[in-house]
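Some notes on the structure that comes next.
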Amino acid sequence: MPFNSIRFILFLAATAGLYRLVPLRARRLYLVAASYLFYFTWSVPYAALLMAATAIAYMAGLRIAAASENGQAVVLWITALALIGALAFFKCFNALSHALAGPRALELLAPLGVSYYTFKLMSYVIDVHWQKAPPERDLISLAAYAAFFPQIMSGPIQRASDFLTQLPGELSGENTVAGIRLIFFGLFQKMVVADRLALIVNQAYADPRVVPAGQLLAAIYAFSIQLYADFSGLTDIAIGASLFFGIRSPENFNDPFFSGSTTEFWRRWHMTLTSWLRDYAFTPLQLCWRGYGAAGTAGCLFLMMLAVGAWHGIQGHFLLFGVFNGVCLAASALSMGPRDRFFDKHRWLKPIRVGLAPALTFTLMSAAFVFFRAEDVPQAVAIFFGLSRKAGVLRDLPGLAPASLLVTLAAIATMELIRHRWRKSRLSWSARGLSGKLLTAAYYSLLFAFLFAGRPLTVSKFIYFQF
Amino acid sequence: MHSPGPAVREFSLIAAALLIAAAAAEALLRAFSPLPLMSPAYTDRFGDPAFMANSQIKTSTEDFDVTYHTNRLGFRGRNYELMKKPGTYRIVALGNCLTFGLGVDDLDAFPAQLEKRLNSDSLRLKFEVMNLSPIGGSLGSQEFLYRAVGRRYHPDLVISHIFFGNALNYQYVTKKDLVPYDEHRLRADRMHRLVRFIPGYAFLCEHSHLWALLRLQLQSEQDVLHAQRWADASAGKDSADLQRTGIATFDALAQRVCSDGARLLVLKQRGALGSYPLFDDYLRRKTEADPCFLALDLDMGPQDQISGQDWHWNRQGHATVAGRLLGLLKRTLLRGELRP
């Protein structure tokens, strides 16, 4: 049941409508039932795995609270082994199977949202161990947290304490209105911006050995924006759907393409994953390696980005995606001091630094995303080698015809305008008064006009559904 | 005064925005990217285009320029009374786009020509030839359309036109209910059939570029899903499997026609049968052994193949097929009823 389907919208409307009729004390149970019903539409057997993971985390939380210090560590490691072990098994199985058996390899479908609910449950157990959060004694609440259907497929990865303290969510007309606006904005980002850019990207990646360099370059940059629109659209739908149940989900993006460095980029991109890794992997590791100074920090950053790559999959191109980012972040950390000193000495160069840094960061990240988008390492290499080819003429290509390109650029500009101007307040302006009504009507009219006439004929899946 | 809640206010603004956006999109499309307007068609039970009842559908392609007229059932041709009058000999033509007469005028399709020629040669009977063929019709659609519509008109003869371009494929032939479908497509098609009841549907089809675009988008999504499902359904199955299912479908049609007391005339495009030896053999044995059956092979050269050099829109081919059918009926079933 993808988020851009009528079925999902109907499911959401029905479950959110009924939620309002359910007595307060039964709402947690209702959320669990609705979330598992949603999961059953994808797979019944794998729902058992989600239940088992929840039960393990629940037991671990209670045990940790009751155990001695040594006992706590043992429970934590056993839980991590079970939860991360299951995640690693599903992430690695297909790649290892193909490596060992070639074309006769067995393929295993990874459970829906396994990366997300594993990280959510792990954060809960670690928080209990670190005494940052109390153990949850109500299994139903923890089950609602792990299985909450707007977040199960692709996050955001919300922390347990943040979620559980909101249960049962506060229902209000304002939340519903903000939810509706976010969902339509998410659909616009995905079905107009991302799907239009996919026209340019898909053709270049289909056969990078013959595509002219100019088109490859356009595809490399276009994919960064496509991925952003696709993923932030998905996140906005998830955040909007959560609001229907009175749950405020954390943000995942903060204008990442305006970042002045790769380090800053990763603080503003997929924020719930990177903050998870920062809190539970990077910071503890950095404490261990603090004696090594900047080199230690660089090493930690490198390992963290490698973990980001591996979180997406252990195939070579995802690992290279992590390595590429790790090198960028490590280099950025190591050179930060000398760079700052240089620009302090030459103050007149500072405006150039401020102007060029985002463009350079965008280019570096677009290059990194080539490894992300490619189906394997040779394809990524072919893309980079293709850039040395003759530029070629960009005409008669889907998505690059002048009129089509104009619509795409207008859609990107609209997306950025809305994100920059209203998105930070979750589009929660009031529609009272003439100006509020006009703004609301203009907002929807613009989105609907794009959704009606600006959608391409081919619809693609959400990129982040696969993780 | 009581003011509406934020959600109610929001929904009324959404409704207003929908109208504004639709008007803006329509204007932009007309100005910058006009689309070919679509006929008031919908997708039928078989996933093929079907036309609305009592419609006039103008079709313009690179190859032909034709206007189709549909009767109150949505099939091509004139209306027929449900109750057959005494002295009437009724024929039902089941088939495909060739039987429908894609690309030729209403009166040039071979069922219409056959009706005209039978009546002009008739000594006493009145002849009616009902064309119940959808574009893209298959064995599955023939079986269904006879069961659902044809038999209610009490035909004396049923023509089953078998052209193997689409008579046998996994899209059309399944074991369940002899109708080709995966669940997803069935739901989509149900929706397509429903939309024709939207007030102003035909007007939208004939005048709105935005509507044409939305239909293209919907169709494109369905095509992608359908291609995937079809590939999945066909995976691992061989031609023999398909032919056996086709035989079961055709058998169901034949049994029903014969038990209704009508005769079944199989019109075979023989040139297309080569890839289906099992089915071909089955048809040959059936037509030789069963007195309910008649067969006419269309294999005598390009002039009697509707799908010859000129593909669908071969007016001469339709005339030849009507002539050969007339000749066969004069020699067999209607001997003595028609002028020699």
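Would you tell me the mean number of C-beta atoms belonging to other protein chains that fall within 10 Å of each C-beta in B:18-29, as a whole number? It would help to have the intermediate numbers written out before the result.
Details: counts 5, 2, 7, 11, 5, 2, 6, 8, 3, 2, 5, 2.
Per residue, the number of nearby Cβ atoms from other chains is 5 on average.
Below 8 Å, C-alpha to C-alpha, sequence gap of six or more: please give me the relative contact order for chain A in percent.
Details: 590 pairs, mean separation 86.4, N = 467.
Over chain A, the number comes to 18 percent.
Along the charge dipole of the protein assembly as shown, which of A:ALA310, B:LEU37, A:THR263 sits closest to the positive end, that is, farthest toward it, with unit charges on the beta carbon of Lys, Arg, Asp and Glu (+1, +1, -1, -1)?
Value computed over the given set: A:THR263.
Counting alpha carbon pairs within less than 8 Å and at least 6 residues apart, what relative contact order, in whole percent, applies to the range A:248-391?
25
By per-residue mean of other Cβ atoms within 10 Å, what is the highest-first order of B:106-119, A:46-59, A:189-202, A:79-92? Mind showing how you got there, number by number?
Working: B:106-119: 21.4, A:46-59: 18.5, A:189-202: 24.6, A:79-92: 16.6.
Packing order, densest peptide first, comes out as A:189-202, B:106-119, A:46-59, A:79-92.
Classify the range A:386-467 as rounded, prolate or oblate, taking a ≥ b ≥ c as the square roots of the eigenvalues of its Cα gyration tensor: rounded when a/c is under 1.5, otherwise prolate if a/b is larger than b/c and oblate if not.
Prolate.
Per q in 0.14 1/Å, what log10 I(q)/I(0) does a Debye calculation on the alpha-carbon atoms of the range A:67-220 return?
The Cα Debye sum returns log10 ratios of -0.98.
For the range A:261-405, divide the Cα radius of gyration by the Kirkwood radius and give the resulting Rg/Rh value with two decimals.
For the range A:261-405, the value is 1.05.
Can you give the net charge of the other residues whose Cβ lies under 12 Å from the Cβ of A:LEU187, counting K and R as +1 and D and E as -1?
Taking every other residue near A:LEU187 into account, the sum is 0.
Along the three principal axes, how long is chain A when you take its alpha carbons, biggest first, rounded to the nearest angstrom?
66, 61, 58
Starting from the amide H of B:VAL266, placed 1.01 Å from N in the peptide plane, find each other amide H under 5 Å away whose residue is 5 or more places distant or on another chain.
Under 5 Å from the amide H of B:VAL266 lie the amide H atoms of B:SER160, B:LEU294, B:ALA295, B:LEU296, each far enough along the sequence or on another chain.
Name the long-range amide H neighbours of B:THR88: under 5 Å, sequence gap of 5 or more, or other chain; modelled H, no Pro or chain starts.
B:LYS126
Using alpha carbon coordinates only, what is the Rg to Rh ratio of the protein assembly as shown, with Rh defined as the Kirkwood radius?
We get a ratio of 1.06 for the protein assembly as shown.
Can you give me the C-alpha center-to-center distance between the range A:42-97 and the range A:432-467, rounded to a whole angstrom?
Their Cα centres are 39 Å away from one another.
For every other residue with a beta carbon closer than 15 angstrom to the beta carbon of A:LEU216, add +1 if it is Lys or Arg and -1 if Asp or Glu, then tell me the sum.
The answer is +3.
Which residue, chosen from A:GLY355, A:PHE371, A:GLY436, occupies the Cα position most advanced towards the positive end of the dipole of the range A:350-439, where the dipole is computed from +1 (Lys, Arg) and -1 (Asp, Glu) charges on Cβ about the Cα centre?
A:GLY436
How big is the charge dipole of the protein assembly as shown about its Cα centre, in debye rounded to the nearest 20, if each Lys and Arg gets +1 on its Cβ and each Asp and Glu gets -1 on its Cβ?
1200
With a 10 Å radius around each residue's Cβ, average the other Cβ atoms per peptide and rank B:281-294, B:8-21, highest first. Intermediate values should be presented prior to the final figure.
Working: B:281-294: 14.4, B:8-21: 16.6.
Put in order of decreasing packing, that is B:8-21, B:281-294.
With contacts defined as alpha carbon pairs under 8 Å and 6 or more residues apart, what's the relative contact order of the range B:69-127 in percent? Before the final figure, lay out each step's value.
On the way: 43 pairs, mean separation 18.3, N = 59.
It comes to 31 percent, rounded to a whole number.
Can you pick out the pairs among A:LYS120/A:LYS190; B:LYS126/B:LYS268; A:LYS461/B:LYS58; B:LYS58/B:LYS84; B:LYS84/B:LYS330; B:LYS268/B:LYS330 whose Cα atoms lie more than 29 Å from each other?
Beyond 29 Å: A:LYS461/B:LYS58; B:LYS58/B:LYS84.
Just report the Cα centroid separation between the range A:324-391 and the range A:203-234, whole Å.
When both Cα centres are located, 17 Å separates them.
Under the rule of -39500 (n - 2.57) per DSSP H run of 4 or more residues, summed and divided by the residues of the protein assembly as shown, what mean residue ellipticity at 222 nm is obtained, to the nearest 500 deg cm²/dmol?
Helices in the protein assembly as shown give a 222 nm mean residue ellipticity of -19500 deg cm²/dmol.
So who's got an amide H within less than 5 Å of the one on A:SER43, skipping anything under 5 residues away but keeping other chains? H placed 1.01 Å off N, in plane.
Excluding prolines and chain starts, which carry no amide H, there are no hits.
Relative to the compact globular guide of 2.2 N^0.38 Å, what is the alpha carbon radius of gyration of the range A:301-345, as a ratio?
After normalising by residue count via 2.2 N^0.38 Å, the value is 1.44.
Are there cysteines in the protein assembly as shown with no second cysteine's Cβ under 4.7 Å away, and if so, which?
A:CYS92, A:CYS288, A:CYS300, A:CYS328, B:CYS97, B:CYS205 - these cysteines have no disulfide-compatible partner (Cβ-Cβ under 4.7 Å) in the protein assembly as shown.
Between beta-carbons, use under 11 Å as the cut-off and find the net charge around B:ASN131, counting Lys and Arg +1, Asp and Glu -1. Spell out each step's value before the answer.
Values: positive: B:ARG76, B:ARG78; negative: B:ASP106, B:GLU115, B:GLU128.
Overall, the nearby charge balance is -1.
Taking beta carbons within 10 Å but only from partner chains, what does the mean come to for residues A:176-188?
Going residue by residue through A:176-188 and averaging, the value is 2.
When you look at the Cβ of every residue in A:434-443, what mean number of other chain Cβ atoms sits within 10 Å? Walk me through the numbers before you get to the answer.
On the way: counts 0, 0, 2, 4, 1, 1, 7, 8, 3, 3.
Rounded to a whole number, the mean comes out at 3.
Computed from the coordinates by the stated procedures, all read-outs in this text should not be read as laboratory data. Please read these numbers as outputs of a predicted model, since none were measured by experiment. Backbone-built Cβ (ideal geometry, glycine too); neighbour counts: all protein chains shown.
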